[in-house]
1. Find how much the distance from Ala96 to Ala130 grows on full extension, using 0.36 nm per residue of separation minus their present alpha carbon separation; answer in nm with one decimal.
2. Once label points are set 7 Å from the Cα along Cα→Cβ at both Arg173 and Glu61, what is their separation, rounded to one decimal in nm?
3. Choose one of Asn79, Gln57, Gly17: the residue whose Cα lies farthest towards the positive end of the charge dipole of region 2-170 (beta-carbon charges +1 Lys, Arg; -1 Asp, Glu; about the Cα centre).
4. Would you mind putting 145-157, 21-33 in packing order, based on average other-beta-carbon counts within 10 Å, highest first?
5. Given axes a ≥ b ≥ c from the Cα gyration tensor, I'd like to know whether the chain is rounded (a/c under 1.5), prolate (a/b larger than b/c) or oblate.
6. Between Ala50 and Arg123, what is the FRET efficiency for a Förster distance of 41 Å, r being their Cβ-Cβ separation, to the nearest 0.05?
7. Give the distance, in whole Å, between the Cα centre of region 100-135 and the Cα centre of region 26-55.
8. Return Cys135, Cys75 ranked ascending by Cβ neighbour count within 10 Å, so the fewest neighbours appear first.
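Read the figures in this text as sums done on the coordinates, not as results from a lab. Everything numeric here is computed off the predicted structure, so don't read it as measured data. Cβ coordinates were reconstructed from backbone atoms using ideal geometry, including for glycine residues, and neighbour counts include every protein chain displayed.
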Amino acid sequence: MERVALAPFFRPVTPGGRPMSVEMTGFGPLGWVSDADGYRYKATHPVTGAPWPDIPQALLELWTEESGAEVPPDCCLVNLYRAGARMGLHQDRDEADFAIPVLSVSLGDTAVFRLGGTARSDRTGSLRLASGDVCLLAGQARLAHHGVERILSGSSRLVPGGGRINLTLRRAR
Ligand code: SIN
Ligand code: MN
């Protein structure tokens with residue numbers, strides 16, 4: 001919460017100019033941003049211009065225990081899904097090394113998560129990510145297409161004002 005006061009949620013715009021339904025912020029040396037200049041990692045918050053707050057220690061420990069990576073994450077993307085927010089099917093491919101996994105923690109309302117293969121045309125399946133679930137995209141699944149189909153609004157009371165928070169740890173560079 002202190003970190004979100006320093007780095008408030010903002011609503012990214014796709015490179016095509018459409019506002020996303022998800023609100024975002026970030027922690028760590030780099031934050032993921034999207035605007036008319038494209039998708040990229042940036043050392044400062046796009047609204048405040050300040051460096052991002054540091055990554056919470058508990059998340060760094062989770063990364064050490066679960067990722068199998070030898071390097072620490074340099075980005076923790078924080079996604080806030082209020083009722084009705086979603087995220088289209090995509091791959092995480094703005095990072096330098098796809099051998100390093102992507103690890104995320106779901107908090108608050110359950111998400112209906114869609115997971116496919118490396119090719120966009122691969123068959124997809126859906127699973128539910130509930131509060132406390134950890135999702136690791138590693139190995140062959142590192143470049144799997146994934147997205148959030150919908151949020152089961154009211155399924156948790158954890159997030160003030162309702163909704164889901166997803167914390168995604170990545171090594172951008
Ligand atoms: C993402 O792909 O950036 C977020 C995935 C999620 O919210 O579970
Ligand atoms: Mn993603």
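1. Length difference between fully extended and current span is 9.3 nm.
2. Roughly 2.9 nm, to one decimal.
3. Projecting each Cα onto the dipole axis, the largest value belongs to Gly17.
4. 21-33, 145-157
5. Rounded shape, in that the Cα axes give a/c under 1.5.
6. 0.40
7. Computed from Cα coordinates, the inter-centre distance equals 23 Å.
8. Ascending number of Cβ neighbours within 10 Å: Cys135, Cys75.
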